[in-house]
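A.B. asks: Below: one structure in structure tokens.
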Amino acid sequence: MRDVRGAEFDDFVRTRSDALLRTAYLLTGDRHAAEDLVQEVLEQVFVRWRRIRSTPEAYARRALVNRAANRWRRRARRPEQALGEFDPPAADHAGDVALREAVVAALRDVPYRQRAAVVLRYLQDLSVAETAAALDCSEGTVKSHTFRALARLRDALADSGVAVPVSDEPRRTR
């Protein structure tokens, strides 16, 4: 018979692992590295489940950011290696695929902390305060990182020649 911890953890993994994998992929830029990263974090979450069961997603998100940063630091010390290519699923929407590839490629060129701020703010839809907690920095630092990263992304996407859809919605202020 499975204990309560195992059942609660299984439910967490079943409901949140896809979101964690998306976040990890955007942080690492590599599908296989993202899968490995999520696996490591889920092992860490399971071990600490009793202490973090009230906020496992926040803990897992922060652990993803920290472990991805550690991998990035280790990789920065080693000679440069080519990243694996991501094969997007077959789609009839070639423009969407091209845009996604251009965004992921542009994200790879953004410094890690800025990339993490953008991924957490806009792709995980966290508030400035939640992003600051995940990155262990001030809200002003999150805003600064986000501003700089978005400027770099705009420039990179403009240089790539991919048509970027423009939204008429007002800027987010939360």
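The values are calculated or read from the model by the stated rules, or taken from the named source; none is laboratory data. What you are looking at is a predicted structure, and each value in this text was computed from that prediction instead of being measured. Here the Cβ is made from the backbone with ideal geometry for all residues, glycine too, and neighbour counts use every protein chain on show. SASA here: full protein model, heavy atoms, side chains in, ligands and nucleic acids out. Shrake-Rupley method; radii C 1.70, N 1.55, O 1.52, S 1.80 Å.
A.B. asks: Of (1) open to solvent by less than 60 Å² (accessible area, probe 1.4 Å); (2) modelled with pLDDT under 75; (3) more than 22 Å from GLU35 (Cα to Cα), ALA94 satisfies all except one. Which?
C.D. replies: Checking ALA94 against (1) open to solvent by less than 60 Å² (accessible area, probe 1.4 Å); (2) modelled with pLDDT under 75; (3) more than 22 Å from GLU35 (Cα to Cα), the one that fails is (1).
A.B. asks: Is it the case that some residue within the stretch 109-116 is out of contact with any Lys or Arg (no Cβ under 7 Å at 6 or more places or on another chain), among the basic types (Lys, Arg), assigned to a helix (DSSP H, G or I) and modelled with pLDDT of 85 or more?
C.D. replies: Yes: one or more hits.
A.B. asks: Show the residue pairs that are 6+ apart or on different chains and have beta-carbon atoms under 7 Å apart, the first residue being within the stretch 30-42 and small (Gly, Ala, Ser), the second being part of a helix (DSSP H, G or I) and open to solvent by less than 10 Å² (accessible area, probe 1.4 Å).
C.D. replies: Note: pairs meeting the criteria are ALA34/ALA24.
The rows are residues; the columns are (1) modelled with pLDDT of 85 or more; (2) of a type in the set (Val, Ile, Thr); (3) within 17 Å of ALA24 (Cβ to Cβ).
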{"site": "ALA132", "(1), (2), (3)": "yes, no, no"}
{"site": "LEU135", "(1), (2), (3)": "yes, no, yes"}
{"site": "ASP155", "(1), (2), (3)": "yes, no, no"}
{"site": "VAL162", "(1), (2), (3)": "no, yes, no"}
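A.B. asks: Another question about this same structure. Among (1) part of a helix (DSSP H, G or I); (2) surrounded by fewer than 12 Cβ atoms within 10 Å (Cβ to Cβ); (3) at pLDDT 80 or above, which single condition is ARG74 missing?
C.D. replies: (3)
A.B. asks: In the stretch 127-158, how many are under 21 Å from ARG62 (Cα atoms), surrounded by 17 or more Cβ atoms within 10 Å (Cβ to Cβ) and not small (Gly, Ala, Ser)?
C.D. replies: 7
A.B. asks: Still on this structure: Please pick out the residue among LEU37, LEU64, LEU42 that is open to solvent by less than 40 Å² (accessible area, probe 1.4 Å) and either modelled with pLDDT under 90 or within 17 Å of LEU126 (Cβ to Cβ) (or both). It would help to see each step written out before you state the result.
C.D. replies: On the way: LEU37 fails: either modelled with pLDDT under 90 or within 17 Å of LEU126 (Cβ to Cβ) (or both); LEU42 fails: either modelled with pLDDT under 90 or within 17 Å of LEU126 (Cβ to Cβ) (or both).
Only one candidate qualifies: LEU64.
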